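I am attaching a structure below and will ask some questions about it afterwards.
Readers should treat all values here as calculations from the given coordinates under stated rules, not as data from a laboratory. Since the model is a prediction, treat every value here as computed from it, not as a measurement. Every residue, glycine among them, receives a Cβ derived from its backbone with ideal geometry; neighbour counts consider all protein chains shown.
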Amino acid sequence: MRIGIGYDIHRFRESGTLRLGGIEVPDAPQLDGHSDGDGLIHAIIDALLGAAGEGDIGRHFPPGDPSTEGIDSRELLTRVVRLVVSRGYRVHNIDATVVAERPRLATHLPAMRDSLARCLGVPASSVNVKATTNERLDALGTGEALAAMAVALLEEEVP
Ligand code: MG
């Protein structure tokens with residue numbers, strides 16, 4: 001077993017629709033970023049790369065690379081899962097927490113879980129996404145930004 005941790009934070013834009021956990025979430029603008037700004041997926045990617053000993057998201061997908069500009073982060077996650085599998089690992093489970101004052105996420109968590117599980121190639125029961133607020137403190141608490149953290153557990157594939 002190998003464990004990895006990931007963290008990401010993105011500022012909200014003024015417009016667009018929030019992409020989080022691979023789905024569109026109404027009632028909040030898009031997150032700023034080189035890709036689609038899906039900070040939850042980015043945290044999961046870093047957790048997977050960390051568990052596999054493969055560095056971080058910036059090493060694999062450098063910001064400013066025109067080929068990943070505006071890219072659907074599910075595509076980045078799919079590529080990272082492929083890399084992890086090619087190194088002889090299998091995703092055992094993922095746990096994640098989103099910290100955001102807006103929008104209300106509770107009703108969207110099951111759809112995020114399903115979307116992430118599809119990209120990860122695991123049953124939905126192997127993925128858990130939680131949401132909390134920052135109690136109105138700091139940049140997260142004013143609704144200026146959204147943060148996510150994730151933990152990934154990988155199993156060595158039996159040869
Ligand atoms: Mg990011």
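Order these peptides, 39-47, 90-98, 57-65, by their mean beta-carbon neighbour count within 10 angstrom, highest first.
The most tightly packed comes first, giving 39-47, 90-98, 57-65.
Please report the spacing between the Cα centers of segment 47-74 and segment 118-159 in Å, no decimals.
So the two Cα centres are separated by 16 Å.
Tabulate in residue order the Karplus-calculated ³J(HN,Hα) for segment 84-99, using 6.51 cos²θ - 1.76 cosθ + 1.60 with θ = phi - 60°, rounded to whole Hz; enter x for Gly and Pro.
4, 5, 5, 8, x, 10, 10, 6, 8, 6, 10, 10, 9, 10, 9, 10
For Phe12, enumerate residues with amide H under 5 Å from its amide H, sequence gap 5+ or separate chain, H modeled in the peptide plane.
Placed amide hydrogens put Asp32, Ala145, Leu146 under 5 Å from Phe12.
So for segment 2-156, Kirkwood radius off the Cα pairs, Stokes-Einstein at 10 °C and 1.306 mPa s: how many µm² s⁻¹? Walk me through the intermediate numbers first.
Values: Rh = 15.3 Å.
Using the Kirkwood radius from Cα pairs, D works out to 104 µm²/s.
Extension gain Arg87-Asp72, at 0.36 nm per residue separation less the Cα-Cα distance, in nm? Can you show the working numbers first?
Numbers: separation 15, 0.36 × 15 = 5.40 nm, distance 2.39 nm.
Length difference between fully extended and current span is 3.0 nm.
Give me P(r) over segment 15-77, computed from all C-alpha to C-alpha distances, binned every 5 Å, as integer percentages.
P(r) over segment 15-77, rounded to whole percents: 4, 19, 29, 22, 16, 7, 2, 0.
What percent do you get for the relative contact order of the chain when only Cα pairs under 8 Å and 6+ apart count?
On the way: 359 pairs, mean separation 53.4, N = 159.
Dividing the mean separation by the residue count of the chain yields 34 percent.
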